[in-house]
Structures are given as structure tokens and as C-alpha cells.
Amino acid sequence: MRRSIATVCISGTLDDKLTAAAAAGFDGIELFENDLVVSPWSPSEIRERCTDLGLSIDLYQPFRDFEGVGPELLARNLERAERKFAVMRELGVDTVLVCSSVHPDAADDDDLAASQLAQLADRADRHGMRIAYEALAWGRQVSTWDHSWRIVKRADHPALGLCLDSFHVLSREVSPDGIAGITPGKIFFLQLADAPHLRMDVLQWSRHHRLFPGQGAFDLPGFVELVLAAGYDGPLSLEVFNDVFRQADPARTAVDAMRSLIALEDRIATAPPATAVEAVPVRRRAGRRLPPAPELTGHAFTEFAVDGHSGPELRSALRGLGFAHTGQHRTKPVELWEQAACRIVLNSAVTHPGPATISAFAVASSDPLRSLARAEALLAPAHPNVREPGEAELAAITAPDGTSVLVTHPGDDWRSDFLPTGAGDTPGAGLLTVDHLGLAQPFDHFDEAGLFYHSVLGLDHLATEEYAAPYGLMRSRAVANPSRSVRLALTVALLRRGEWAPAVADPQHVTFTTADIVATASALTLPKLRIPDNYYDDLAARFGLPDDFVTTLSSHGILYDRDPSGSELLHLYTPVFGGRVFFEIVERRHGYDRSGEPNAPVRMAAQRHRRLTAG
């Protein structure tokens, strides 16, 4: 199916938007009237520009407050429509979106609405044009898809059909299942948007919180299946109102948008059809398939970029955690530190000194070539690493925050690039594997990052949590593969901070597993993070824990959480090292599957106190 995007999704001038849409591979656009009004180009020049870029204009929108009015206003509305038809002729577009009226005087009269829409469709038909009627979720009299369909059926005009917008449909209480029964050919246009589930005014929800498919909570594959079952064969078009997207780099937003559509098509193609859509032909359900995401078997290594100040701090911290410096790269200033299956790489080849940062991480894939092919199909092509002859080839995919994601074979071929140091027999501290990485995301790219890791690496969205931190509201999103051998925790501050922000900027961390956190805590030789007694008093009260258990936790600075099923998490944190990085150690009991978000404010405050007292 063709792919289209509304100009309202993207920031910039109309030329910025068209250029970005074409570069991302879209076939067409929905032209939002505001973008036409402020453009220095005439409608015919816009048409020529779109033709030059290989874009069609699939929809002109919106035409507002038309139906359910008195005779005088109807006459004015029809005259207004004639002017728009003239503009559409110059643009070369044959379909206009007419929103259900929000006019305070719009009549609650389906017969009147149908009659007036039929008159509008009759005029459109004389120009070779069509009317796509859309029920706004906040429409004055018509606010659900089934109501708009009743009116269209009653009007019974060949030039009048429906525009179905996933937000307007799925944000309301009316089931979408009946969409599959709409008369074939009467869905003129399909608009797609995802969104989180929010309890707020639906207009504000729509205008500020829409997302691209796969970034929210709506069942868009199921919705699209229903529309296809009704015989729809037009474009899949994105209409997303989002404050962040409309301020972001248009080229980047357009790529994110295209990635979301590619991933959505793949989900539709690979999902078993629901009962209501069994009749959708296989050729149309198949769409454009992606290479399946291969199984990921675990974290291979995490690389930190360090300089002359942060490097010594991280080396000391790793020793205190029981790591050994086991390898030195053959040709680069890169060190390998190991403990059991936990591997940290320190890369001193930095060009711009600054805080330590997770510059790259590697995951082991059962089929690295297929992982890279899937990434390329999702507009995240890999780039080869700079290497000497005989060194391992590690292709890297660039994540939205700039982190390099490397894909390796499970056999750890990359380790042959390191010469052994002979320091591999240290006792360690009981660390076993990497549990997850904590990656703070730029504010503008948090949702993009969630879609990237889900679609490119095949990581599932586990949960999104919000919590009040010492310096503002934070959001955390956990993603993981089915076996939980690869986990990531993405975090973001929900409001951009002002000049006073004593928190660590964009903190990152690596979390390790242990089978006995008390024994591990006893074996650590690095400074402990002091957790206030108030926390443990509250912990005992909230969970009814035995006094001796709480005392043990307190003596080692171990935090605790328990979910409603009784699963438990025991975890501890280190201070911040290298200006940005800290480590976490976890013992998961009875299948605990979260990241201990309720304790994040405790950790942040304790790290802040440590920085103040140490300074």
C-alpha cells in the first residue's frame, strides 16, 4: 500500500516538510490548509514541487463546520466549498476532508446533515472530486465513526464517503469491530495515529499527545485489519499532532514516521487475522514483510568513552566491583574488563574530553546478518567499524541518542582483538551477567527511541513508569526480549530544566545480576551509597518486613521493592563516576520483572548528597 503523511506532522516551512517527506520515502502527503495559507507558492507551484519530489497530494484538509446549519449559513458554506474546489483543482488533489461540525449551533438532525452533505458531494462530483467525512471525537453532534457512517449511508451519494482516523475511533467508547462491515469503497481515506492512554479532555489529548504507530497504546494493527476488511485500498497516511514533533528536525521526524509505518505493515503481515477480518485477501494482508528479528542471546559488552579524568575513576570503580582488566586491544587505546559474563570496554580514543558515557553496546544475535538487514529495512543502516586487517568486523547501528548498537555472534569473536593481560583469576564479587542498561534519552527523541529498539532489535515494551524525582517528573520505559537476556531502561525528564539543575546531566548506568546480593555487597571494595534511615523505616512499614531483614538491607545500602504478585527486587547503587555513570546490582526473586522505579528518587537523592559531601 502507498504511504502518506500529513504536513502537520512535521516542523518547518512547507518546502522543509515536502523535502523531508520525499527523502524519507513517502509516496504522498495530506496538505494541511495552514501550510498552504502561509506558503509563498501558489497552489500550482506546490503541485509542481510535489511532482518534482515524486509526491502525490492525496488529501486536502480540513474543511470545518459545514453540516447541520440553517439555509443562510449553508449557502455561505457551499460558496466557501466552491473556492476550495478551485484551489484543489490547481493542487491536483481530488479528495477533501470534511470534519464533523463543532459549531455551537449545529443541529442534532441526521437527516439535515445527510441532506447537506449530499449537496456538498454533488458539487464536488461536478469537479471530479470527493468528500471524505470524518467524525471528530469532540464533534458537536457527530463524534463517533458509526454515527458518521449512518449519515453517509443516509446521504447515499457516490462522491461522499468516510475518512477514518484511528485516534478519533479508538479514543472513543464505540467498538471499531463494525468497521469491517462498511460497504466496500465507502472508506475514502485512512489516517493513522497512536497515543498513550490518558484521562483528559479528548481535544487536548488529540492536539498534543498523538504519536506515530508503535509509540503509544492503541491496537493499530487490529484497526487497520478492520479497515482493509472493508475493502479499503488507499494509502496508509499518518496524521499526528505532537508538540515535540512539530519542533524537531523535519528530516529526522519523517524518518521516524516512515519507520513506524514500515513496522506497522510488518505487524499486520505477520499477525494472525481476527475473526472479523478472515476474508482479507492474503495478497493484501502480506504487505511488505521485514526480515524477522533474530533471537538475541544477551549483552556481549558495554563500551564507555573515557578521557584522562573519567578513565581513572571508572577503572577504580570496576576494581571495586570485582572486575579484572583482562585484555588490551591490539591497535587501539581500548581495555577489556571482565567478571563472569559481565564485560566492560573502556575506550580512551575520545576526540572531545568530557564525562564518561556509554558510547556503544553490543548484543549477541543468533543471526547478525539478518539483524542488520532488518535494521536497514527500517531506515537504520549499519556502518562498519574502523579496524585494522585481521580485526573483527563489528557493524554498528546508530540509535536515536547517538549510541552505537553493535550486533555480534554469540561466540564472542570480537574478543580475539584483545591481547590477554594475565589478570583473569581475581575472585570477583559474585556478579554474573548484565541485567540491563539505563540510557537517558534526549527529551525530543524519547518516543523515537522506544520505537527504534522495538522495531529494529525486536525488544518488547514492558512498562512505562512515571515518578517524582528530586528535580522534576521522570518517565522510564523498559524494553526487553522475551527471554529477558537483553533489557534496556530508557529515561527522560518530562520537562526541560532551567539553568538550576544540580542533577547529573543525562545519567547512564549498567546493571549487573547476582545470586546473593548480601554476599556481593560484602565483597565490594568501592565506596557505598548511603541510604537514609528514613527509607528503611518506611520500607518496614509499607511491606511488613522482619526487623532483622531490614537491618541487613540497611547495613549494606540495599533497596527493596515488591510487586503485587509477591515477586521481589533487592538492588543497590554506586555513586556516580566520571561525571555521569553509575552501576547497579540486582537480585531478582520469583520473577520480578520491573526495574525498581519506585526507588529511583531515593537513589537520585542519595547520589546528590554524596556529591555534596564529597565535594
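A short reminder: the numbers here are calculations on the coordinates, not readings from a lab. In this text, all values refer to a predicted model and were calculated from it rather than measured experimentally. In this analysis, Cβ positions are derived from the backbone assuming ideal geometry, glycine residues included, and neighbour counts consider all displayed protein chains.
Structural remarks
- Low-density loop positions, trypsin sites (Lys or Arg not before Pro), the stretch 293-347 - DSSP coil, at most 16 other Cβ in 10 Å: 330
- Residue 75 paired with residue 409, simple spin-label distance in nm, labels 7 Å along Cα-to-beta-carbon: 8.2 nm
- Aspartates and glutamates with Cα under 17 Å of residue 84, excluding same-chain neighbours fewer than 8 positions away: 30, 33, 35, 45, 58, 65, 67, 94, 122, 125
- Approximating the spin labels as points 7 Å out from Cα along Cα→Cβ, the residue 173-to-residue 34 distance works out to 3.1 nm.
- Sum of side-chain charges, residue 28 neighbourhood, beta-carbon under 11 Å (Lys, Arg +1; Asp, Glu -1): -1
- Exposed-loop-free span, longest in the chain, where GluC sites (Glu not before Pro) count as exposed if DSSP calls them loop and at most 15 other C-beta atoms lie within 10 Å: 1-172
- Calculated from backbone phi, Karplus (6.51, -1.76, 1.60) coupling profile of the stretch 464-475 in Hz, x at Gly/Pro: 10, 10, 10, 8, 7, 9, x, 10, x, 6, 10, 10
- Helices in the chain, meaning DSSP H runs of at least 4 residues, each add -39500 (n - 2.57). Divided by all residues, the mean residue ellipticity at 222 nm is -10000 deg cm²/dmol.
- Counting Lys and Arg as +1 and Asp and Glu as -1 over every other residue whose Cβ lies under 13 Å from the Cβ of residue 513, the net charge comes to 0.
- Cross-link partners of residue 186 among lysines, defined as those whose alpha carbon lies under 20 angstrom from its own and excluding same-chain residues fewer than eight positions apart: 153.
- Among residues other than residue 418 with Cβ under 15 Å from its Cβ, the summed charge is -3 (Lys and Arg +1, Asp and Glu -1).
- Principal-axis tilt of helix 533-543 within the chain, Cα atoms, nearest 10 degrees: 60 degrees
- With respect to the chain, whose longest principal axis is taken over its alpha-carbon atoms, helix 250-270 is tilted by about 90°.
- Placed amide H near residue 396: partners under 5 Å, 5+ positions off or other chain: 383, 385
- Mean projection of the Cα convex hull over all viewing directions, computed for the stretch 1-160: 9.5 nm².
- Globularity index of the stretch 373-503, i.e. its alpha-carbon radius of gyration over 2.2 N^0.38 Å: 1.29
- Rounded tilt (10° steps) of 368-377 against the dominant C-alpha axis of the chain: 30 degrees
- Percent of Cα-Cα distances greater than 16 Å, calculated over the stretch 289-383: 63 percent
- Loop-located trypsin sites (Lys or Arg not before Pro) in the stretch 157-242 (DSSP state not H, G, I, E or B) with no more than 15 neighbouring Cβ atoms inside 10 Å: 199.
- The rule of thumb for compact globular proteins, 2.2 N^0.38 Å, goes into the C-alpha radius of gyration of the chain 1.11 times.
- Expressed in Å, the radius of gyration and Dmax of the Cα atoms of the stretch 56-148 are 12.7, 37.
- Dipole axis of the chain (+1 Lys, Arg; -1 Asp, Glu on Cβ), positive-most option in 490, 68, 565: 490
- Hydrodynamic radius by Kirkwood, which averages 1/r over all alpha carbon pairs of the stretch 290-336, in angstrom: 13.2 Å
- Relative contact order (percent, whole number), the stretch 1-142, Cα cutoff 8 Å, 6+ residue spacing: 22 percent
- Relative to the Cα centre, the charge distribution of the chain, modelled as +1 at Lys and Arg Cβ and -1 at Asp and Glu Cβ, gives a dipole magnitude of about 620 debye.
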